[in-house]
Amino acid sequence: MARVFAHVDAHRQAFIDRLLAYVARPSISAHGIGIRKTAEFLFDYLQGLGMEARLLEGAGWPFVYGRYGESPHAPTALLYGHYDVQPPDPLDAWNSPPFEPEIRDGRIWGRGVGDNKGQHLAQLLAIESWLAVTGNLPCNVIVLLEGEEEVGSPHISDCVRDCRALLADVDLVITADGPVHESGRPCINFGPRGIASFELRAVHAQRDFHSGNWGGVAPNPIWTLVHLLATMKDSRGAVTIDGFYDNVAPLSDLERRALDALPVDLPAVMEGAGLARLDEPQERPFFDRLAAWPTFTINGFHGGYGGPGTKTVLPREATVKCDMRLVENQGVDEILDKVEAHVRRYAPEVEVVRQGGMEPSRTPLDSPYTRPLQRAFRAAQGEDPLLVPAMGGSLPDYAWTKILGVHSFTTPYANHDEANHAPNENLEVERFIAGIRTGAAVLAYLGEES
């Protein structure tokens, strides 16, 4: 492994230059810009590494597949990432053009550099470095890169089911995505929360009304939704939809200890976010809020007049956009069914519009692959990673744990302030190089599990 690390160090600038060139390729799935060209570029790259490469076509943009190694005595690791990026808007908020990446202050700035091009390129360069130095890999590797993650991964479950023969011997999945812990320490995430999104629509008339002539006569759809929402969550922060918490999986003792061990400077977090208080319940520990409990969030409330001054209007319709973050053992359809039943009971004239979702996922902390991953971080970065039982956000991790039935890990390489999805997205140069080293070490220590 020392020889591989030396190769990474010797090719440091060349690897940085290749990341700059990769980020300069727009690949915006929401707009359909550059996706196929980027997929073909990656296909050519994997083929050039000597991998069995394919474009897996389906209803959406192609998945890029590559495989190296067929040893029955070595584990097979699937390295997942996504080559699509978020739209760069608003453009005037960027300090440099989003698809003309620059290096400033030790960071590479550009759309997609952290989420997710820099992170999965680090994995690919780790493979390339092993092949350049030894002509082989320590374990079998499958690469699967998606082109629709930023629009909710609508076809990943179909891809995994349709291509099971190509994935039949996968033992574990590793996703390099997201930021490291806010303390700057590396971490291993053992699963994301899921998400269920929906819209509540109230329409009470064919047109808007004068509030003086019709107020108290025509029902107000905004009030209808306000009253409905008040039946769905109480002032203590508890979701009051029947059965909402029925299937919440409790933390194991190991997960409890891991959460309690995560460092947090709560006053600094609150000051940095401009918060005067945390959401209810006040006594709930910080990381329990992100890992152990589901949430109900109002994303937006729309209805009536919102311009300057006043307009004495009684609106005909109103909508509320919502999401619920789900924890292990909850299901998207289960929760949306309960939402619909609640609305039928308390406001039957309100329409529930399902907007889709993503199932939660959790890998046990005592997985046999936890130890080799810990050893890899220690060897590549010089410190033990924090173990995070569940992430607050959502990824299509369920495709691996619930469809393939294997353990799955997220190993972030990006800095905590990468500004993914926002203007001025960035990746620290040293974290990119450390990601290549870590990816190489992961393959080495997985190979020892043969």
Scanning the stretch 227-265 for residues that are loosely packed, with under 14 Cβ neighbours inside 10 Å and β-branched (Val, Ile, Thr), which turns out modelled with the lowest pLDDT? VAL264
Selection over the stretch 21-78 where residues are under 16 Å from HIS155 (Cα atoms), assigned to a loop (DSSP other than H, G, I, E, B) and hydrophobic (A, V, I, L, M, F, W, C) yields a count of 3
Which condition from (1) of a type in the set (A, V, I, L, M, F, W, C); (2) farther than 30 Å from ASP366 by Cβ; (3) surrounded by 13 or more Cβ atoms within 10 Å (Cβ to Cβ); (4) under 23 Å from the mean Cα position of the chain (by Cα) is the one that PHE287 breaks? (2)
Considering each of PRO97, PRO72, PRO87, PRO138 in turn, give the residue that is more than 25 Å from the chain's Cα centre (by Cα) and over 21 Å from MET1 (Cβ atoms). PRO72
Looking for whichever is in contact with a Lys or Arg (Cβ under 8 Å, 6 or more places away or on another chain), part of a helix (DSSP H, G or I) and either charged (D, E, K, R) or assigned by TED's automatic domain parsing to the domain that holds ALA380 (or both) here; the options are ALA132, ALA126, ALA122. Which one fits? ALA126
Being surrounded by fewer than 16 Cβ atoms within 10 Å (Cβ to Cβ) and either modelled with pLDDT under 95 or not basic (Lys, Arg) (or both) is the filter here; which residues of the stretch 1-15 pass it? ALA2, ALA6, ASP9, ALA10, GLN13, ALA14
Apart from one, (1) more than 18 Å from VAL23 (Cα to Cα); (2) in contact with a Gly (Cβ under 9 Å, 6 or more places away or on another chain); (3) buried (at least 17 other Cβ atoms within 10 Å of the Cβ) all hold for LEU78; the odd one out is (2)
Since PRO348 meets every condition but one in (1) assigned to a helix (DSSP H, G or I); (2) surrounded by fewer than 17 Cβ atoms within 10 Å (Cβ to Cβ); (3) more than 29 Å from the chain's Cα centre (by Cα), which condition does it not meet? (1)
Please count how many residues of the stretch 392-410 are assigned to a helix (DSSP H, G or I) and either touching a strand residue (DSSP E or B) at 6+ places or on another chain (Cβ under 8 Å) or crowded, with 22+ Cβ neighbours inside 10 Å (or both). 5
Does the stretch 147-157 include one or more residues that are of a type in the set (Val, Ile, Thr) and either free of Cβ contacts under 8 Å to residues at least 60 places away in the same chain or in contact with a Ser or Thr (Cβ under 9 Å, 6 or more places away or on another chain) (or both)? yes
Checking ALA268 against (1) modelled with pLDDT under 95; (2) within 27 Å of GLU182 (Cα to Cα); (3) in a strand (DSSP E or B), only one condition comes out false. Which one? (3)
Name, by its number, the condition in (1) within 30 Å of MET232 (Cα to Cα); (2) assigned by TED's automatic domain parsing to the domain that holds GLU430; (3) at pLDDT 95 or above that does not hold for LEU336. (2)
Some residue of the stretch 156-172 being under 29 Å from HIS31 (Cα atoms) and not in a helix (DSSP H, G or I): yes
Based on this model, can you work out whether GLY309 counts as surrounded by fewer than 16 Cβ atoms within 10 Å (Cβ to Cβ) and not β-branched (Val, Ile, Thr)? yes
Quick check, is ARG256 in contact (Cβ under 8 Å) with a residue 40 or more places away in the chain and out of contact with any strand residue (DSSP E or B) (no Cβ under 8 Å at 6 or more places or on another chain)? no
Within the stretch 368-386, count every residue that is crowded, with 17+ Cβ neighbours inside 10 Å and in contact with a His (Cβ under 9 Å, 6 or more places away or on another chain). 4
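The values are calculated or read from the model by the stated rules, or taken from the named source; none is laboratory data. Values in this document were obtained by computation on a predicted structure and should not be read as measured data. Every residue, glycine among them, receives a Cβ derived from its backbone with ideal geometry; neighbour counts consider all protein chains shown.
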